[in-house]
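What follows is one structure encoded as structure tokens, with my remarks underneath.
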Amino acid sequence: MNIFRNISWLCVLIALVFITAPVSAIYDFEGIPLRAAAQGEVQGDVLTFGTYGLTAPPIECTFSLPAKPVWARVYTGIWGGTERYTGWEEISVNNGVPARRDLFGKDDRNEETYVSGYGVYWVAHDCTDQLRGGKNTIKLTTSRGQPESRIDGRSYGIFVVAVVEDAGKPVTRYWIAEGNENLHGEGWAGTNPTRHDTCEITFEKAPLAENAAADLTVVLLASTKGQPDYVLFNGEDLGVPVTDLSLYPEGARDIGNECIGDATGGAGVEARYVDVETFDLGRLLKDTNHVVFERGRDLDGDGEISTTGSKPEGEDYIHPCSVILTVRRPGASPAPDFSVDAPVATGAYAGEEATIQATVRNHGARPDGKIAVVFSVDGRAVRTVEVEPARSGVQQVETGVTLAEGRHTISVRVDATGDADPVDNEASVELTVGTIPDLSVAIGAPVRAGAEAHAASPQQSPAPLVALIAGLSLAALLAAMRPPGGKIAIALVAGAVIVAACPLVAPPAAAAGFSDYTIPITVRNGGGSDVGAFDLAIYLDGDKAAVKHVDGIGAGATVTIDVPLYTTPGKHRLRVVADEKGAIKDSNRANNIAEGEYVFP
């Protein structure tokens, strides 16, 4: 197709960017945080299998299990092409009835479809009941090439996790996390070149014993050989440093190098744009464990993580999607070990029924029979809910309760026969109940990194830098159509097109004059009741630049949140929206929005 025809089509899309309202969805460009999908303890193993490497479907994964699993998940990685394209993926297990999952990109709302960035999918399927002892086969196909589909539809692969009992093996405590973080540099973040350099997940209550052995398995999508990235466990780098100093800076690691199983020094197996690695943790294990992913490091101290040149310092983008921690304990006996997170109250207003929800976690073996979850208000039990313990070891339990005006203590306790550690079986939270909340927002003066604050009164002139935004939009759209991993080449193409269409604008990966800023945003709850968690959306020159999660605000309280932005000095339009999705009852939503033009020093 003629390139100028493509440019005309892209210009139409750029215009639509300015008139299309954002859609509420589970999709998040910056990434979906990793969370524990399953945890517990089994006398046996946590086994993983896979077929890896970007390719056109159909693909298969065949493996054998020693017994039927007690919990199992099948993940598929799909390349969408852009976050705007839609299609489907479909798996069949052991020639059973195919299960099709529609893929809606930025409009996706399925809680087990993790899509971020420019359409990188990590799709989870619960296949506990479909898998069996002996040989199993997973088949995957997508809508690639179908007339009704626009997604690219190639697959990064199939990844299988199965928890299997085996009386001949030691007790294994495990945590299985899933998500889709989008770690990226400023050249790959739409019209506003944000950065997302790191992400983290924490695993609690690891059993410590002299004879315990621990392993960590990670799955990375959109990884690229030759661009360093890092995985840390409790502050220490995992894997071995690279040895080819003609291609890498000294001390660099390249965990996601498209070669599976080589991060600890082995030969590994090549797999395009995918990496799966397992690390022996040895002495690093603690009771509470932190896993950190870094897309790169500023090794030369110039303030940037370079992704081009003779010795790149990091990845343009990389997606951590799965993390599995296992601790094997020879000689231990399996037993349940429940805990409960601090309860969360929604709709807790005087005279109205509130919903109290608690996350119950089982760190040990799944018990027979039901468990009791007791809800109390100010020390008096008001409701007991009996539930079957979830096979995943993680479940939500809730009840309704009407609270009088005033200050209350809400407690949740889980009772289970044979609990190995009942000390953490109860959690509480205090809340104020009164009139309906009233969130209001105010924007402070932007502060440049390393500089003192400058006054920046709102202005009423038209939004600035339209040419810059249009140019960056074009670069982002071209980048969105890149092959997953064709990063540097596409950046150069995008830059060339922008220079031709708008000679005064540089491509985002090399835009001169961009700086780090902090925007102080004040949110006040003017109502008489505490407000629960909500999101704060920040728009820069009409494009959503950041989303900050706010854990909650007490009745009559005010919080100030510092939001980092990466942009050019000069005049920019800011718009901030508290609880954009309308998840919280608010007496006056008109003051949930603040906007104006501000001078960035």
Worksheet item: What trypsin sites (Lys or Arg not before Pro) in the stretch 64-169 are in a loop by DSSP, with at most 12 other Cβ atoms within 10 Å of the Cβ?
Response: Arg109
Discussion item. Straight-line reach from Lys225: which lysines fall under 27 Å, measuring Cα to Cα and dropping same-chain residues less than 8 apart?
Written reply: Lys311, Lys487
Fill in: DSSP-assigned coil residues among trypsin sites (Lys or Arg not before Pro) in the stretch 523-601, each with at most 15 further Cβ atoms within 10 Å
Lys581
Worksheet, complete the sentence: The set of residues whose placed amide H lies less than 5 Å from the amide H of Gly393, leaving out same-chain residues fewer than 5 positions away, is Gln39
Worksheet item: In the stretch 162-242, which GluC sites (Glu not before Pro) fall in coil by DSSP and have 13 or fewer other Cβ atoms within 10 Å?
Response: Glu210
Item to complete: Please turn the phi angles of the stretch 276-290 into ³J(HN,Hα) values with the Karplus equation 6.51 cos²θ - 1.76 cosθ + 1.60 (θ = phi - 60°), one per residue in order, whole Hz, x for glycine and proline.
Response: 10, 9, 10, 10, 7, 7, x, 6, 7, 5, 10, 4, 10, 10, 10
Worksheet item: Mind checking which lysines have their C-alpha under 24 Å from Lys205, skipping anything on the same chain fewer than 8 residues away?
Response: Lys169, Lys286, Lys370
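Just subtract the alpha-carbon distance of Glu200 and Ala533 from 0.36 nm times their residue separation and send over the number in nm, one decimal.
Values: separation 333, 0.36 × 333 = 119.88 nm, distance 1.99 nm.
Length difference between fully extended and current span is 117.9 nm.
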Discussion item. Considering only C-alpha atoms, what is the centroid distance from the stretch 215-237 to the stretch 51-114, in Å?
Written reply: 23 Å
Fill in: Alpha-carbon centroid distance for the pair the stretch 534-600 / the stretch 316-393, whole angstrom
32 Å
Worksheet item: Once phi is turned into θ = phi - 60°, what whole-Hz ³J(HN,Hα) does the Karplus curve with 6.51, -1.76 and 1.60 give for every residue of the stretch 395-408, x standing for Gly and Pro?
Response: 8, 9, 10, 9, 8, x, 8, 9, 10, 7, 4, x, 9, 9
Discussion item. Test of understanding: what is the full-extension gain from Asp378 to Asp302, defined as 0.36 nm times their sequence separation minus their Cα-Cα distance?
Written reply: 21.8 nm
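Expressed as a rounded percentage, what relative contact order does the stretch 188-328 have, with Cα pairs under 8 Å and six or more residues apart? Numbers along the way, then the final one.
Values: 317 pairs, mean separation 53.7, N = 141.
For the stretch 188-328, the relative contact order is 38 percent.
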Worksheet item: Here are some pairs, Lys548/Lys571; Lys106/Lys544; Lys544/Lys581; which of them have Cα atoms lying more than 20 Å apart in this structure?
Response: Lys548/Lys571
Discussion item. Quick one: 3J(HN,Hα) in Hz for the stretch 357-373, Karplus 6.51/-1.76/1.60 with θ = phi - 60°, rounded, Gly and Pro as x.
Written reply: 10, 10, 9, 9, 10, 10, 8, x, 6, 6, x, 7, x, 8, 10, 10, 10
Worksheet item: Check Asp337: other-chain or 5+ apart residues with amide H under 5 Å from its amide H, H built from backbone geometry?
Response: His363, Gly364, Ala365, Ala420
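Every number here is computed from the coordinates shown, using simple stated rules; none is lab data. Just so it is clear, the model here is predicted, and its values are computed rather than measured. With ideal geometry, Cβ positions are generated from the backbone for all residues, glycine too; neighbour counts draw on all protein chains shown.
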